[in-house]
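**Student:** I am attaching a structure below and will ask some questions about it afterwards.
The values are calculated or read from the model by the stated rules, or taken from the named source; none is laboratory data. Note that this is a predicted model, so its numbers are computed, not measured. Note: ideal-geometry Cβ built from the backbone for every residue, glycine included; neighbour counts use all protein chains shown.
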Amino acid sequence: MARYTDSVCKLCRREKQKLFLKGQKCFTEKCPIEIRNYPPGQHGNSRRAKVSEYGIQLREKQKIKRIYGLLEIQFRNYFEKANKQKGITGDNLVKVLERRLDNVVYRLGFASSRKQARQLIKHRHIAVNEHLVDVPSFSLVAGDIIKINDKSKKLDLIHSSLKKVKDSTYSWLSIDKASLSGTFIQVPERGDVPLNANEQLVVELYSK
């Protein structure tokens, strides 16, 4: 499958805000946003014409897509799935994205970024309900138990990441640091998800 291989810091600069794609570096003064808070490229720091309504919607879509580390076709498929569900489509979209295994591994603190979480999953370091899962897009349901594979419990990157996590950061997740496991208690409500984005603009974009 195709994947983004360029510097992820350029993505943050393009959106003019931290998307927290680089793990711990995002919290230091070395973060490019702290140094060059303007889009990359030859004309990144120049004055630009007023952004159109379509441009605003597009940027919001790109922002959410990049936060969760998805390609366009993946993101569109999630939107179509959310659109078929009852309720507010924008809220449904966030809920569907939050159920991804790579996102939950990141939220639990087993990885410092979603990209690192995907690597852990693909290398079979993560088990769900005692079964190894190597698909980052695996969709969790309430009650699922996520744990580090026994053979992987000594990985330094996991322990290093966990040291920076509080025990009850998110209400829909519980974590047991001693056993390196966590539980997906329930699908979170939109108001509980710390996502600095307006998903309604994505709905408007795709509804044209």
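**Student:** On the basis of being in contact with a Cys (Cβ under 9 Å, 6 or more places away or on another chain) and not in a loop (DSSP other than H, G, I, E, B), does Arg66 make the cut?
**Tutor:** Numbers: in contact with a Cys (Cβ under 9 Å, 6 or more places away or on another chain): yes; not in a loop (DSSP other than H, G, I, E, B): yes.
Yes: the conditions hold for Arg66.
**Student:** Would segment 77-100 turn up any residue that is touching a residue at least 12 places away in the same chain (Cβ under 8 Å), surrounded by 17 or more Cβ atoms within 10 Å (Cβ to Cβ) and in contact with a Gly (Cβ under 7 Å, 6 or more places away or on another chain)?
**Tutor:** Within segment 77-100 (the criterion being touching a residue at least 12 places away in the same chain (Cβ under 8 Å), surrounded by 17 or more Cβ atoms within 10 Å (Cβ to Cβ) and in contact with a Gly (Cβ under 7 Å, 6 or more places away or on another chain)), the answer is no, since none of the residues qualifies.
Matching residues to (1) part of a helix (DSSP H, G or I); (2) modelled with pLDDT under 90; (3) under 30 Å from Gln116 (Cβ atoms):
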| site | (1), (2), (3) |
| --- | --- |
| Gly41 | no, yes, yes |
| Gln62 | yes, no, yes |
| Asn83 | yes, no, no |
| Gly90 | yes, no, yes |
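**Student:** Scan segment 60-74 for residues that are surrounded by fewer than 16 Cβ atoms within 10 Å (Cβ to Cβ) and free of Cβ contacts under 8 Å to residues at least 60 places away in the same chain and jot them down.
**Tutor:** Correct list: Glu72, Ile73.
**Student:** Val202 versus (1) at pLDDT 95 or above; (2) outside the structural domain of Asn77 (by TED's automatic domain parsing); (3) not acidic (Asp, Glu): which is the lone unmet condition?
**Tutor:** (2)
**Student:** To continue, here is another question. Out of Ser161, Ser181, Ser137, Ser171, report the one residue that is at pLDDT below 95 and surrounded by 15 or more Cβ atoms within 10 Å (Cβ to Cβ).
**Tutor:** Numbers: Ser181 fails: at pLDDT below 95; Ser137 fails: at pLDDT below 95; Ser171 fails: surrounded by 15 or more Cβ atoms within 10 Å (Cβ to Cβ).
Of Ser161, Ser181, Ser137, Ser171, the one residue that is at pLDDT below 95 and surrounded by 15 or more Cβ atoms within 10 Å (Cβ to Cβ) is Ser161.
**Student:** While we're here: Among the listed residues Arg114, Arg118, Arg66, Arg107, which satisfies the condition of being of a type in the set (D, E, K, R), farther than 26 Å from Leu201 by Cα and under 13 Å from the mean Cα position of the chain (by Cα)?
**Tutor:** Details: Arg114 fails: farther than 26 Å from Leu201 by Cα; Arg66 fails: farther than 26 Å from Leu201 by Cα; Arg107 fails: farther than 26 Å from Leu201 by Cα.
The conditions single out Arg118.
**Student:** Residues to consider are Leu132, Leu201; find the one that is within 19 Å of Asp102 (Cβ to Cβ) and in contact (Cβ under 8 Å) with a residue 12 or more places away in the chain.
**Tutor:** On the way: Leu201 fails: within 19 Å of Asp102 (Cβ to Cβ).
On inspection, the qualifying residue turns out to be Leu132.
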